Amino acid sequence: MIIFVYARDKQYGIGKDNDMPWHLPADLKHFKNTTTGQTIVMGRKTFDSMNGPLPNRRNVVLTRNETFSAPNTEVVYAIDEIVKESKEQDIYVIGGTEIFKLFWDECDKQIVTVIDHVFDADTFIPALDKEKWDLVEAIQGTMDEKNRYPHEYRTYVRKK
């Protein structure tokens, strides 16, 4: 199964200058809980923004740059082997936009943190077509002094 994991704002913004335009520690914890122990796939720019591989996960970078390498990271150059592998195990695609586009038609499930705020973003993800996706879970996030934006954790599955 191919699963997207991302956070977005009210206007489907997911990033700004290769970073997140918000600070929401609860979402980072949710992301960590969702992906720890799993295989995560990302583009090179997303990988570069993280200062190295994420711990306790199998990190896979999809890139066109055939000279790219990084410690404790697998590098692939086409989606075919990842799609094939997704028949045997869950693959978590974590961005960025170009990688989401490549896997869009292969994606089976999306785990989305929806932040009820508009940020200055330069990177976006398409809205989900309600004819093709079912919302199967929505959990309200808790706001506090560190998590100042209303947010909700949503899980969508592709309709059969």
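Could you tell me whether any residue of region 75-86 is assigned to a strand (DSSP E or B) and more than 24 Å from GLU152 (Cβ to Cβ)?
Yes, region 75-86 contains at least one residue that is assigned to a strand (DSSP E or B) and more than 24 Å from GLU152 (Cβ to Cβ).
Looking at region 127-147, is at least one residue aromatic (Phe, Trp, Tyr), part of a loop (DSSP other than H, G, I, E, B) and over 13 Å from the mean Cα position of the chain (by Cα)?
No, that holds for no residue.
Given the conditions (1) in contact with a strand residue (DSSP E or B) (Cβ under 6 Å, 6 or more places away or on another chain); (2) of a type outside the set (S, T, N, Q); (3) surrounded by fewer than 15 Cβ atoms within 10 Å (Cβ to Cβ), which single one is not true for GLY15?
Only one criterion is unmet by GLY15, namely (3).
Considering only residues that are under 25 Å from PRO71 (Cα atoms) and either of a type in the set (Val, Ile, Thr) or in contact with a Cys (Cβ under 9 Å, 6 or more places away or on another chain) (or both), which ones fall in region 1-58?
Matches in region 1-58: ILE2, ILE3, PHE4, VAL5, THR34, THR35, THR36, THR39, ILE40, VAL41, THR46.
Given the criteria more than 25 Å from SER49 (Cα to Cα), outside any strand (DSSP E or B) and not polar (S, T, N, Q), does LYS160 qualify?
Numbers: more than 25 Å from SER49 (Cα to Cα): yes; outside any strand (DSSP E or B): yes; not polar (S, T, N, Q): yes.
Criteria met by LYS160.
Inspect region 111-119 for any residue being surrounded by 14 or more Cβ atoms within 10 Å (Cβ to Cβ) and more than 19 Å from GLU152 (Cβ to Cβ) and give the result as yes or no.
So far as region 111-119 goes, no, none of its residues is surrounded by 14 or more Cβ atoms within 10 Å (Cβ to Cβ) and more than 19 Å from GLU152 (Cβ to Cβ).
Go through region 25-46 residue by residue and tally those that are part of a helix (DSSP H, G or I), closer than 12 Å to VAL5 by Cα, hydrophobic (A, V, I, L, M, F, W, C) and in contact with a strand residue (DSSP E or B) (Cβ under 8 Å, 6 or more places away or on another chain). If you could, list the steps in order and put the result at the bottom.
Let us first name the residues in region 25-46 that are part of a helix (DSSP H, G or I), namely 25-35, 44-46.
Now narrow it down to the ones that are closer than 12 Å to VAL5 by Cα: 27-28, 30-35.
From what is left, the residues that are hydrophobic (A, V, I, L, M, F, W, C) are 28, 31.
Within this subset, residues satisfying the condition of being in contact with a strand residue (DSSP E or B) (Cβ under 8 Å, 6 or more places away or on another chain) are 31.
Of the residues in region 25-46, 1 are part of a helix (DSSP H, G or I), closer than 12 Å to VAL5 by Cα, hydrophobic (A, V, I, L, M, F, W, C) and in contact with a strand residue (DSSP E or B) (Cβ under 8 Å, 6 or more places away or on another chain).
Which one is modelled with the lowest pLDDT, of the residues in region 8-26 that are within 12 Å of PHE119 (Cα to Cα) and aliphatic (A, V, I, L, M)?
MET20
Restricting attention to region 88-116, which residues are over 10 Å from the mean Cα position of the chain (by Cα), in contact (Cβ under 8 Å) with a residue 40 or more places away in the chain, within 21 Å of SER49 (Cβ to Cβ) and not in a strand (DSSP E or B)?
GLU98, LEU102, PHE103
Whether any residue in region 27-36 is closer than 17 Å to LYS109 by Cα, modelled with pLDDT of 95 or more and of a type in the set (A, V, I, L, M, F, W, C) is what I want to check.
Yes.
The values are calculated or read from the model by the stated rules, or taken from the named source; none is laboratory data. Everything numeric here is computed off the predicted structure, so don't read it as measured data. Backbone-built Cβ (ideal geometry, glycine too); neighbour counts: all protein chains shown.
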